[in-house]
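Just below is one structure, and these are the notes that go with it.
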Amino acid sequence: MSIQTLEPRLADVGGIPIARLLPNKGKQPIGAWCFLDHAGPAEFGEQEPGLQVGRHPHTNLQTFTWMLEGEVLHKDSLGNEQVITKNKVNLMTAGTGLTQGISHTEQSVFPDNGGSDEAAHALHAVQLWIALPTDQQIERSFHHYPDLPTWTENDVKLTLTTGSYTNTARDTYTAPTLQYSKLVGIDVHFMQDSEVTLNLFEGFEHGILVVVGEVEFKGKTYQQDELIRFDEADITDKRSVQVRATQGTRLMFLGGEPLNQKVLLWWNFVADNKEDIEQSIIDWNNGHERFGNVDSDMKRLIAPELPQGFKG
Ligand code: MN
């Protein structure tokens, strides 16, 4: 099996330090998982506002938010308002094509402004984008998933955030999360020093993001914010991987069937061709109704122009 290690690019989103693992220099998505931000962990002072991401659009993708710590209020142009708390998934689907699109805001909430009594002055989350198959006509939608299948193997707690998975004990779990291409996403949390077997899917690409701690795989150690990527061709003779880690380590195991299309990313847009990205920039910056309105007084972000030489 050939394995790539991807190093993160560091950035700031809405006031929070993030490590961006995808997109990554010349590297393709893992199935339809095309964008991977690890936000935080960040602690806020009592007077600090935390995450503040103003009104912005999305196209041809799903935003998939998996919360580890802190609480964030999501508001979108469909009229949804949803606080996401730890161990839950928010999934927003932008729809496909030039007549669809969605916009939203995201902001930290605390016990005094809409969060629960337990809301920490902190943020720790994984935000991923899932590229939508553009040969399907997909409508915009928003879903919140508070109840996800969890189980324990070898003192390791696994939570299935999307997809279906059969573990080494041959128990099969299925998450309710809406999918438009075959995907799997599992939060892997080591309650003790242990080893766990992760089963691979035939025809999928796979990756492991080290969210907290470090993990040992085939005698090599991978650090927090590194992404281990396995290519489809590398696993034809391999049905599982074993990873070892110490107590407290947390991983995100991702897999997906490769999409049979180009996946171009610019700012908050995904498309399968450059012209659709250019049109989406024009539409958003001119207030086109395809992106709707969010009932919020947060700042409206402006889409930057495509750089010269953007490869279509
Ligand atoms: Mn967004």
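The values are calculated or read from the model by the stated rules, or taken from the named source; none is laboratory data. Computed from a predicted model, the values in this text were never measured in an experiment. The protein model used for the area step is the full one, side chains on, heavy atoms only, and it has no ligands, DNA or RNA in it. Shrake-Rupley method; radii C 1.70, N 1.55, O 1.52, S 1.80 Å.
Worth pointing out:
- Taken over the C-alpha atoms, region 218-296 has Rg and Dmax values of 19.9, 54 angstrom.
- For region 4-291, with all protein chains in place and a probe radius of 1.4 Å, 43% of the accessible heavy-atom surface sits on carbon or sulfur.
- Members of K88/K262; K86/K157; K86/K182; K182/K262; K86/K220; K75/K157 lying beyond 20 Å, as alpha-carbon distances in this model show: K88/K262; K86/K182; K86/K220; K75/K157
- Considering only the chain, percent of DSSP beta bridges that pair antiparallel, nearest 5: 100 percent
- Surface analysis of region 4-291 yields an accessible area of 41 Å² per residue, using protein heavy atoms and a 1.4 Å probe.
- P(r) for region 9-62, from all Cα pairs and a bin width of 10 Å, is 20, 42, 30, 7, 0 %, short bins first.
- Taking the C-alpha atoms only, the angle from helix 274-285 to the longest principal axis of the chain is near 60 degrees.
- Computed over all pairs of different Cα atoms, the Kirkwood value for the hydrodynamic radius of region 4-291 is 19.4 Å.
- Taking every alpha-carbon pair in region 1-143 and binning the separations at 5 Å intervals from zero gives 2, 10, 18, 21, 19, 14, 9, 4, 2, 0, 0 percent.
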